[in-house]
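The structure appears right after this line, and notes come after that.
Just so it is clear, none of the values below were taken in a lab; they were calculated from the coordinates. Owing to the predicted nature of the structure, the values given are computational and were not obtained by experimental measurement. Backbone-built Cβ (ideal geometry, glycine too); neighbour counts: all protein chains shown.
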Amino acid sequence: MSIIIFIIILLVLVLVHEFGHFFSAKKFGIRVDEFGFGFPPKLFGIKKGETEYTFNLLPFGGFVKIFGETPDEESISGPDASRSFINKPAWKQAIVLFTGVFANFLLAWIIFSFSFMSGLPTSVGEEANGYELKDVHTVVVSVLPKSPADVAGLKTGDKIVSLKSGNQFTTFISPETIKSFATNSKKDPAHNASGIADAGGGLEIGYVRGKITEPINIVNIKPKSSESGELMIGISMDQIGIEKLPFYMAFWEGLKLDWSVTKDTVSGLFGLIKGAIMGKGSFSSVTGPVGMVGVVGDAYKFGFNYLLSFAGLISVNLAIINLLPFPALDGGRLLFLLIEKIKGSKMNPKVTNIANMAGFAVLIILMLFVTYHDVVKLL
C-alpha cells in the first residue's frame with residue numbers, strides 16, 4: 001500500500017512540475033511536441049493540436065518535450081525555428097524553466113492550506129497563535145526495531161491512553177509520564193536483578209490504533225536497561241493534536257509553513273553539500289525512493305491530512321533540488337542563461353547538450369547509490 005501511495009504522490013508532483021513548464025511554453029508560443037504521463041515505453045497517445053499527450057508504462061512522474069529545449073539544427077534554423085525555445089528571448093526561457101519550480105511551491109502552499117482547513121496533526125506548542133489544538137494525545141512517533149515496544153506490537157501512530165505499573169495507574173498521559181512510569185517500574189519487586197521485568201510485572205500500556213473511538217488495546221511491556229542504566233521501552237513520543245483553521249487563516253498559515261519548509265530544506269541541503277565538500281558527507285542522512293516508501297507509510301499512519309502535508313514537503317524538496325545549478329536540472333539551464341547574459345553571446349549548443357547529458361548520467365548514478373544505501377539499511 002505504501003508503494004502505491006508513494007507512486008501516486010510522485011506522479012502528481014512531477015506532473016504538476018512539468019505542467020508549469022508546459023503552461024508557460026504555450027503562453028509564449030513555444031511549440032510543445034509531447035506531454036507524457038509516466039515514462040516510456042509508450043502505451044498510447046492522443047494528439048490534440050500540435051501536442052501529443054502520451055500515456056506510458058512506468059508511472060513514476062512525467063515529462064514535457066519542448067521544441068528547442070535540446071538545441072539541434074532544426075530548432076535553431078529550421079522552418080519552425082521562430083517557435084523554438086532556444087530562439088526565444090532569455091527572459092522567456094528563464095520563465096519557462098522557473099515555472100516548473102514555481103508550480104511545486106504553489107502546490108505545496110495549496111496542500112498545506114487545505115490540510116490546515118481540514119485539520120492537520122500538529123505538535124503541542126507549534127500551533128498558530130490564538131488557536132487551541134483539539135483531540136490532543138500522546139502519540140508514538142517511532143518504534144526502535146527489536147525493542148520491548150516493538151516486540152509487544154506498538155506501531156507508529158498509536159495513541160497511548162492509559163498506563164499501569166504495579167499499583168500506579170493513570171489516564172493523564174504525556175511523554176514525561178510514560179518515562180516516569182517506566183523508571184518507577186524498576187522499583188516493582190517483579191523485576192529481576194538485571195532490571196528486566198519478570199512475567200506479570202512491567203509497564204501495562206493502553207493504546208488506540210486508528211480513531212480514538214475504537215476499542216483500547218492493552219499490552220504488557222517489559223522495559224529493559226539501556227547502556228546508561230535507564231529503563232527504556234524503545235519508542236519516541238510527541239503530544240499531537242488537530243489544528244483546524246478557518247479559510248482565511250489556513251491560507252496564511254499554509255504560506256508561512258511553505259516558507260518555513262523552504263528555509264529548512266535549503267539549510268539542510270547546504271549543510272549536506274558543505275559536508276560532502278569537506279569530506280564529512282554521509283549517505284546516512286539521505287533518503288532515496290526505497291526509503292521514502294517507508295516514510296510515506298509512517299506518514300499515512302497519522303492520517304490522510306498528515307500524509308497530504310508530507311506530500312507538500314516533498315513538493316518543496318523537488319522544487320529546491322531542481323533549482324540547484326547543476327546540468328540537466330532547471331537550475332543548471334538557468335545557470336547557462338546567466339553565463340550567456342554575462343558573455344553577451346549564445347553558448348555552443350553542443351557544449352550545453354553534452355553538459356546536460358553528463359549531468360543526467362551523474363544524477364542517475366547518484367540515485368542508484370542512494371537506492372543501494374536504502375536497501376542496505378533495510379537488511
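Would you mind calculating the relative contact order of the chain from Cα pairs under 8 angstrom and at least 6 residues apart, reporting the percent as a whole number?
Details: 640 pairs, mean separation 67.4, N = 379.
Reported relative contact order: 18 percent.
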Work out Dmax and Rg for the chain from the C-alpha atoms and quote the Rg first, both in angstrom. 26.1, 90
As straight-line cross-link partners of Lys42, the qualifying lysines (C-alpha separation under 22 Å, not fewer than 8 residues apart within one chain) are Lys65
Separation of the Asp33 and Leu106 label points, Cα + 7 Å toward Cβ, nm: 2.6
Taking Lys and Arg as +1 and Asp and Glu as -1, residues besides Ile235 with C-beta under 12 Å from its C-beta add up to -1
Between Phe326 and residues 5 or more places away or on another chain, which pairs have amide H atoms under 5 Å apart, with H built 1.01 Å from N, and which residues are they? Gly331, Gly332
Using Cβ counts within 10 Å as a stand-in for footprinting exposure, how do Val96, Val136 rank, fewest first? Val136, Val96
Points 7 angstrom from Cα along the Cβ direction at Lys343 and Ser226: gap in nanometres? 5.7
Is the shape of region 322-363 best called rounded, prolate or oblate, per the rule: a/c under 1.5 gives rounded, else a/b larger than b/c gives prolate, else oblate, with a ≥ b ≥ c the square roots of the Cα gyration tensor eigenvalues? oblate
Would you list Leu133, Leu13 from fewest to most Cβ contacts within 10 Å? Leu133, Leu13
Amide H of Ile216 versus every other amide H placed in the peptide plane: which residues, excluding those fewer than 5 positions away on the same chain, fall under 5 Å? none
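Sort Asp135, Asp298, Asp330 so the one with the fewest other Cβ atoms within 10 Å of its own Cβ comes first.
Final ranking by Cβ density, sparse to dense: Asp135, Asp298, Asp330.
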From the backbone phi of region 303-310, what are the Karplus-calculated ³J(HN,Hα) couplings (6.51 cos²θ - 1.76 cosθ + 1.60, θ = phi - 60°) in whole Hz, Gly and Pro given as x? x, 4, 5, 5, 4, 5, 5, 5
Please build a GNM for the chain, connecting alpha carbons under 10 Å apart, and tell me which residue among Tyr207, Tyr131, Tyr53 fluctuates the most. Tyr131
